[in-house]
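Notes follow the structure.
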Amino acid sequence: MFEELDLPLSINTSSEDPSATFFDPVLKRAVTYDVGVGYFTSGWIADTAQGISQFARSRGKGRWIVGHELQEKDLDCIVNSKTMADKEFQAKRIFEEEVDELLSVLKEDARLALAWLIRDGIVELKVAVPTNKLSGIYHAKNGIFSDGAGNDIAFSGSYNLTSRASSNWETIDIYRSWTSEEGRLRCEKKKHEFESTWQGRDPNLLIFTPTSTTLDKIKAYATTGSRPYSLPSGRPAVPQAIQNDEGKIRGYQEKAIKAWFAQNGQGLFCMATGAGKTITALTAATRLLDYFRTQQAKLVIVITVPYLHLGEQWADEAAFFGYDAIKCYGGKDKWLGTLQSAYNQLLSGDRDHIVAIAVNDTFKNSQFQSFLNGVRTNLLLVSDEVHNMGAENIAQKLPQQARFRIGLSATPIRHNDPFGTKAIFDYFGEPVIEFDIKDAIDAGFLCKYNYYPIVCELDPEELDEYIRLSKKIARLMAMGDKDDFSTSVKLELIKRAKLTGSSADKKRKLKQLLSDSQDRQHTLIYSSEAINDGKRDIDRIVQIVGRDCQWRVAKFTAEESKDQRAEILGSFRAGDIDAIVAIKCLDEGVDIPQTKTAYILASSTNPRQFIQRRGRVLRQYDGKGHASIYDFIAIPPLDKLGEDEETFNIEKSMVERELDRINEFAEISENYGHTLSTLRDIRKKLKLLGA
């Protein structure tokens with residue numbers, strides 16, 4: 001409590017550190033923090049990081065009024081508006097337009113902290129702008145803290161809560177409500193002044209809450225890194241920060257949850273990247289737990305993910321809901337004892353739920369399977385990227401005693417694996433929602449994009465090899481089950497895909513496009529995994545991008561360590577490197593919403609791959625506007641197509657296979673007309689030759 005603190009009457013930065021002497025120790029004990037400042041920059045967040053972290057862990061609540069300096073034309077626009085509603089509309093519009101620039105000034109760690117504090121509902125933000133020409137900025141420099149015992153601490157003065165404030169000579173005065181009647185009255189006065197400003201009763205100021213679009217822009221920064229503080233575990237609940245006034249989340253998410261309960265707690269959530277699969281699943285799980293609590297029953301929640309970094313993301317989201325998840329990865333010594341102890345507490349009545357997050361490798365192992373087999377209470381299995389669960393070595397280990405089941409994926413169908421797909425649908429049930437990329441774009445959760453198919457013709461030697469492989473594939477398929485590709489067929493299909501993905505013309509076209517590009521930052525390049533003449537295709541691509549085109553480039557593959565990957569992603573987000581070249585490591589679970597441009601040199605025929613890649617590029621991010629996708633299409637030389645009757649059907653099939661993907665990408669792009677013109681020449685040639 002505040003009474004434990006020995007605080008000075010005032011502080012000046014020429015002799016004392018305000019953060020160490022005042023802000024950190026007070027924030028660590030505060031339950032509320034109301035503050036009004038004229039300037040808000042990175043320095044203060046960094047300077048008070050320890051106190052802010054403890055304040056967040058304690059689930060403190062902050063109300064922050066931040067001044068926004070206006071240009072003369074913007075101030076005129078607001079002042080000259082006739083009604084208060086018009087003034088507020090103009091102010092919100094101006095702030096929404098400028099928030100990207102304001103946030104870009106903050107250092108990355110400060111921006112991340114602010115995004116998480118607002119996202120977690122710990123900080124409520126309002127903006128102050130003048131309604132007359134007496135001043136161009138809100139000049140308040142005061143705040144009030146309260147603790148759990150009802151004590152208040154108020155401060156005022158020239159400490160601007162900026163990085164400059166601790167380097168220039170600044171001073172603040174401190175008042176405590178419990179030390180004297182004067183202290184109590186001063187605190188009451190500061191509380192009244194703040195409340196009057198917060199409620200918009202100051203005639204010289206316009207106080208407004210940023211629009212939901214503006215707040216979403218700020219919150220989007222939370223996807224760039226983990227929560228920089230921990231949240232307390234307690235009674236899990238759907239966070240108020242993601243609910244509307246009626247206690248509901250997004251409409252389509254509510255429909256999915258309702259349909260899931262109607263299917264007796266089983267079903268697939270087929271939702272595009274950015275549509276909130278994790279939030280939807282955790283909300284469903286929390287409401288299920290709420291129901292069991294009314295029945296004095298218990299619930300074990302097991303969440304499976306394919307990769308460790310996805311496990312960390314789920315742990316962050318679970319903490320947002322108040323869950324203290326047990327992370328089941330990194331070696332059994334780190335989790336097995338904790339998991340068994342938690343289950344024993346469940347049996348003894350000391351707790352009513354467990355949340356365990358397991359990577360798929362852990363889920364399959366004997367220790368975790370033994371735990372699952374021993375669960376004798378209500379069990380909910382949530383599988384992220386559920387298409388992975390159809391693999392034979394894991395499908396047979398899905399717990400049959402799990403009465404409640406949720407499968408999450410943008411597309412749960414397993415390519416060329418009807419038996420694995422059937423296993424997924426048989427176990428998890430039918431989809432309860434199908435919210436695709438078009439739905440996500442229309443709803444504003446993904447950005448719009450332009451799509452450019454880049455036609456690349458195979459060289460004569462490449463075409464000869466393609467035809468040879470195609471004939472071999474046809475012979476092998478004729479000998480086997482058309483619905484169950486043999487290992488030999490799959491190997492030949494992989495060889496053919498590597499051939500088209502690594503064609504020489506693709507590299508020539510890429511080099512030309514990169515040389516002509518005026519916007520280098522935040523670019524992804526997907527390479528083939530082929531090896532030709534002893535050199536990997538990805539290394540050739542890196543050489544073209546870096547040495548030939550003089551871009552700052554990094555390779556992102558399974559060879560790079562976890563720390564190296566984190567460093568690469570950090571440099572990419574910060575704009576210190578222009579492009580990342582990858583094969584498959586960015587296909588699932590890596591969030592880099594800054595990506596504006598993608599060059600796809602190699603794609604499998606698996607629809608899930610290009611759905612995931614497209615979703616990866618279309619993540620919303622401040623200032624992004626729209627994305628651009630360049631899709632490199634391998635085809636035979638069109639001027640010679642059909643010269644050989646024996647190979648014509650193979651050549652035609654190759655083109656048609658590529659056109660399927662083009663249609664998928666193009667039909668909801670912003671420049672569909674441009675794409676149609678590109679396709680028209682190819683289709684015309686095929687139609688004429690096929691007649």
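Quick note: the coordinates plus some simple rules give every number you see, no bench work behind them. Predicted model only: the values in this text are computed from it and were never measured. Using ideal geometry, Cβ is built from the backbone for each residue, glycine included, and neighbour counts are taken over all protein chains shown.
What distance in nm lies between label points placed 7 Å from Cα along the C-beta direction at LYS684 and ASP333?
The answer from the label model is 7.0 nm.
So how strong a dipole does the chain carry about its Cα centre when Lys and Arg Cβ are +1 and Asp and Glu Cβ are -1, to the nearest 20 debye? If you can, show how the numbers build up before the last one.
Numbers: 91 positive and 98 negative charges, 244 e Å.
The calculation lands at about 1160 debye.
Going by average Cβ density within 10 Å per residue, which order do the peptides 290-299, 204-213, 442-451, 21-30 take, highest to lowest?
On the way: 290-299: 13.7, 204-213: 16.5, 442-451: 18.0, 21-30: 21.8.
Put in order of decreasing packing, that is 21-30, 442-451, 204-213, 290-299.
If you find the alpha carbon centre of region 227-278 and of region 480-556, how far apart are they in angstrom?
So the two Cα centres are separated by 38 Å.
Once you place label points 7 Å from the Cα toward the Cβ at ASP539 and LYS255, how far apart are they in nm?
5.2
Starting from the 7 Å offset along Cα-to-Cβ, what nm value, one decimal, do you get for the label separation of ASN244 and THR83?
With each label point 7 Å from Cα toward Cβ, the separation is 2.3 nm.
Which percentage, to the nearest 5, of the DSSP beta bridges contained in the chain is antiparallel?
Roughly 30 percent of the DSSP beta bridges within the chain come out antiparallel.
Tell me which DSSP H helices of the chain clear both cut-offs, 27 Å or more of axial length from alpha-carbon atoms and a mean Kyte-Doolittle hydropathy of at least -1.0.
Values: long enough: 84-105 (30 Å, -0.43); 460-479 (29 Å, -0.33); 645-666 (32 Å, -0.89).
Taking the DSSP H segments of the chain (at least 27 Å long, mean hydropathy at least -1.0), we get 84-105, 460-479, 645-666.
Roughly what % of Cα-Cα distances in the chain sit above 41 Å, to the whole percent?
Value for the chain (Cα pairs over 41 Å): 40 percent.
With a 10 Å radius around each residue's Cβ, average the other Cβ atoms per peptide and rank 662-674, 309-321, highest first. Walk me through the numbers before you get to the answer.
Values: 662-674: 16.1, 309-321: 20.7.
So the order, starting with the most tightly packed, is 309-321, 662-674.
Just need log10 I(q)/I(0) for region 448-690 at q = 0.08, 0.13, 0.17 Å⁻¹, Debye formula, equal scatterers on the alpha-carbon atoms, no solvent, rounded to two decimals.
One equal scatterer on each Cα of region 448-690 leads to -0.32, -0.84, -1.36.
Arranged from highest to lowest average of other beta-carbon atoms within 10 Å per residue, in what order do the peptides 339-346, 52-59 appear? Present the calculation step by step, with values, prior to reporting the outcome.
Values: 339-346: 15.8, 52-59: 19.8.
By packing density, highest mean first, the sequence is 52-59, 339-346.
Calculate, in nm to one decimal, what HIS674 and GLN296 gain on full extension: separation in residues at 0.36 nm each, minus their alpha carbon distance. Don't skip to the end; give the middle numbers.
Values: separation 378, 0.36 × 378 = 136.08 nm, distance 6.11 nm.
Extra length available between HIS674 and GLN296 comes to 130.0 nm.
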